[in-house]
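Structure first, then comments.
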Amino acid sequence: MNILLKSAKIVCPDNKELHLKKRDILIKNGVIEKIGTSVEGPSNTKVVDQKNLHVSIGWFDSGVSFGEPGYEERETISNGLMVAGKSGFTDILLYPNTHPVPDTSSDVVFLKERGLNKATVIHPMGTLTKNADGTDLAELFDMKNAGAVAFYDFKKQVANPNLLKIALLYAQNFGGLIFSFPQDGNIKGTGVAHEGKISTILGMKGIPALAEELQVARDLFILEYTGGKLHIPTISSAGSVKLIANAKKKGLDVTCSVAVHNLFISDESLQGFDTHYKVSPPLREKSDCKALIKGVSDGTIDFVTSDHIPVDIEHKRVEFDNAMSGSIGLESAFGCLNNIFDLDETITMLIKGRSRFGLEEPVLKEGAKACLTLFVPDEEYTFGLEHVLSTSKNSMFLGASLKGKAIGVINNDQITLK
């Protein structure tokens with residue numbers, strides 16, 4: 001396939017020669033053949049010529065759920081990858097949020113095969129324990145060899161500290177990366193929202209920041225003892241940022257992420273009892289949002305993730321206490337981040353992170369494999385149902401004012417465009 005991008009402004013902060021320059025880019029058979037001020041393609045070339053077209057290295061998301069296998073009514077892999085591509089993502093880490101869970105090498109192979117020959121590439125995680133029940137370690141080494149990039153019992157704490165200790169020690173033998181969800185279930189209890197002024201006024205059962213910070217502190221103590229590689233996904237409190245910053249100063253091999261919605265939306269949005277705002281970890285106070293944004297800017301927080309979790313309407317159109325946690329976020333991720341940070345910082349956050357998971361970092365230069373995201377950064381709009389591509393419509397961003405839209409991706413000699 002031949003593709004020609006006309007007058008595309010390149011956003012590549014690490015490449016001073018091309019950064020913010022307008023160039024034509026010719027792609028032949030999945031490889032960038034020519035970057036120049038005026039490039040012509042062969043007669044059978046697909047031309048992409050759009051006003052204010054921008055291009056960057058393909059975006060990466062370190063935390064996405066679909067539904068297949070088991071919950072196809074929420075999202076199939078095929079449709080999910082289409083959504084990811086049209087939202088600007090060339091690579092996604094797939095949460096082990098399915099039924100059955102991927103706890104064997106054959107499960108990992110199945111997920112990888114379902115994503116073959118697509119513009120967006122699936123990088124599956126395996127569960128940390130068998131059946132994700134927190135008792136016995138799953139087949140970590142075999143799953144790693146089959147292509148699993150990390151091990152995670154989705155949105156479940158590692159309750160047994162000895163299990164985390166053993167996992168971190170064992171995974172060092174093959175470079176495995178362990179995820180540990182930052183929430184102590186005993187302190188969380190039956191809480192459904194951040195414990196604070198808003199939950200008290202609304203009469204909601206609270207989840208204190210202590211539930212997160214105690215778990216983070218425990219996990220970091222264990223990591224300091226064992227060594228190994230630990231990733232703490234979707235932190236949500238100012239205290240967690242401080243704990244991780246101190247751990248990094250000690251030289252511990254720890255990374256963390258934050259969900260876009262925990263940067264953009266506070267617990268004040270809960271006042272309408274809208275279940276779209278029920279997520280795990282919960283939306284917290286504005287002061288936490290500010291601390292998380294600062295943590296992203298100073299590098300304490302390594303990745304920003306959409307934390308995209310499709311939930312069918314039957315599990316959302318119920319009382320807040322009974323609703324399932326989760327919000328879709330792929331379609332709105334760029335528009336949210338571009339509203340908070342400047343464009344260079346936004347794109348840097350969206351392209352970094354692959355190396356932590358053992359993935360190749362793409363480059364934007366002649367002769368390199370084309371792994372590109374196309375977008376327009378300046379369009380301001382109100383996010384509505386017409387912007388939702390996912391099968392499930394459980395977005396907490398409906399009605400939000402966003403800035404910037406993804407157009408699509410070019411990757412794997414494939415192109416996905418809106």
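When both bridge partners sit in the chain, DSSP labels roughly 50% of those beta bridges antiparallel.
Please report the carbon-and-sulfur percent of the accessible area for region 1-68; probe 1.4 Å, protein heavy atoms only, DNA, RNA and ligands left out. It would help to have the intermediate numbers written out before the result.
Numbers: 1370 of 3150 Å².
Answer for region 1-68 is 43 percent, counting heavy atoms of protein chains only.
For the chain, take the longest principal axis of its alpha carbons; what is the angle in degrees between that and the long axis of helix 286-298, to the nearest 10 within 0 to 90? It works out to around 50 degrees. Rounded to the nearest 5, what is the percent of antiparallel bridges among the DSSP beta bridges in region 1-133? That works out to approximately 45 percent antiparallel. Entry note, region 1-107: relative contact order of 23 percent, from Cα contacts under 8 Å with a spacing of 6+ residues. In the structure shown, the pairs Lys112/Lys248; Lys28/Lys144; Lys6/Lys405 are assessed against 24 Å; a Cα-Cα span above that value is assigned to Lys112/Lys248; Lys28/Lys144. With a Förster radius of 56 Å applied to the beta-carbon distance between Lys51 and Asn162, the computed FRET efficiency rounds to 0.45.
A simple spin-label model places the labels of Arg317 and Ser7 4.7 nm from each other, with each point 7 Å out along Cα-to-Cβ. Which percent of the accessible area of region 119-217 is formed by carbon and sulfur heavy atoms (probe 1.4 angstrom)? Ligands and nucleic acids excluded, carbon and sulfur reach 52 percent. Hey, in the GNM for the chain with a 10 angstrom Cα cutoff, which one of Glu75, Glu212, Glu224 fluctuates hardest? Of the options given, Glu224 has the highest mean-square fluctuation.
Amide H contacts of Lys34 (H built 1.01 Å from N, in plane; Pro and chain starts excluded): Leu26 sit under 5 Å, all sequence-distant by 5 or more or on other chains. Applying a threshold of 29 Å to the alpha-carbon distances of Lys165/Lys369; Lys22/Lys403; Lys22/Lys294 flags Lys165/Lys369; Lys22/Lys294 as lying beyond it. Note on the chain: Rg/Rh from C-alpha atoms, Kirkwood Rh, equals 0.96. Springs between alpha-carbon atoms under 10 Å, Gaussian network over the chain: tell me which of Ile166, Ile347, Ile32 tops the mean-square fluctuations. In the Gaussian network model the winner is Ile166. Highest-first packing order for the peptide set 336-343, 157-164 is 336-343, 157-164, based on the mean count of other beta carbon atoms within 10 Å. The share of accessible area on region 284-369 that comes from carbon and sulfur is 49 percent, using a 1.4 angstrom probe.
Under 1.5 on a/c is rounded, so check that first for region 306-382, then, if it is not, pick prolate when a/b is larger than b/c and oblate when it is not; a ≥ b ≥ c are the square roots of the alpha carbon gyration tensor eigenvalues. Here region 306-382 falls in the prolate category. Straight-line cross-link reach from Lys188 at under 18 Å between alpha-carbon atoms covers these lysines, not counting any fewer than eight positions away in the same chain: Lys155, Lys156, Lys197, Lys205, Lys278. Within straight-line reach of Lys9, meaning a Cα separation under 12 Å, sit the following aspartates and glutamates at least 8 residues removed in sequence or on another chain: Asp24, Asp49.
The slack between His19 and Glu268, meaning 0.36 nm per residue of separation minus the straight C-alpha distance, is 85.8 nm.
Dividing the helix sum by the residues of the chain, where each DSSP H run of 4 or more adds -39500 (n - 2.57), gives a mean residue ellipticity at 222 nm of -8000 deg cm²/dmol.
Of all the options Asn394, Asn44, Asn29, the one that moves most in a Gaussian network model of the chain with Cα springs shorter than 10 angstrom is Asn44. Considering only alpha-carbon pairs that sit under 8 angstrom and 6 or more positions apart, the relative contact order computed for region 248-369 is 26 percent.
Assuming a ≥ b ≥ c are the square roots of the Cα gyration tensor eigenvalues, decide whether region 110-233 counts as rounded (a/c under 1.5), prolate (otherwise, with a/b larger than b/c) or oblate.
Numbers: a/c = 2.58, a/b = 1.52, b/c = 1.70.
Oblate, since a/c reaches 1.5 and b/c is not below a/b.
Find how much the distance from Phe141 to Ser78 grows on full extension, using 0.36 nm per residue of separation minus their present alpha carbon separation; answer in nm with one decimal.
On the way: separation 63, 0.36 × 63 = 22.68 nm, distance 2.77 nm.
19.9 nm is the gain from fully extending Phe141 to Ser78.
Can you tell me the relative contact order of the chain? Whole percent, Cα pairs under 8 Å, sequence separation 6 or more.
Working: 1013 pairs, mean separation 80.1, N = 418.
Taking the mean separation of contacting Cα pairs over the length of the chain, I get 19 percent.
Rolling a 1.4 Å probe across the protein heavy atoms gives the chain an accessible surface of 39 Å² per residue.
For region 148-273, the dipole from Cβ point charges (+1 on Lys and Arg, -1 on Asp and Glu) about the Cα centre works out to 200 debye, to the nearest 20. Against the chain, whose longest principal axis comes from its Cα atoms, helix 77-86 is set at around 60 degrees.
The values are calculated or read from the model by the stated rules, or taken from the named source; none is laboratory data. These figures come from a predicted structure and were not determined experimentally. Please note: Cβ atoms are built from the backbone with ideal geometry, for glycine as well, and neighbour counts cover all protein chains shown. Ligands, DNA and RNA are stripped out before the accessible areas are found, and what is left, the full protein with its side chains, is counted by its heavy atoms. Shrake-Rupley method; radii C 1.70, N 1.55, O 1.52, S 1.80 Å.
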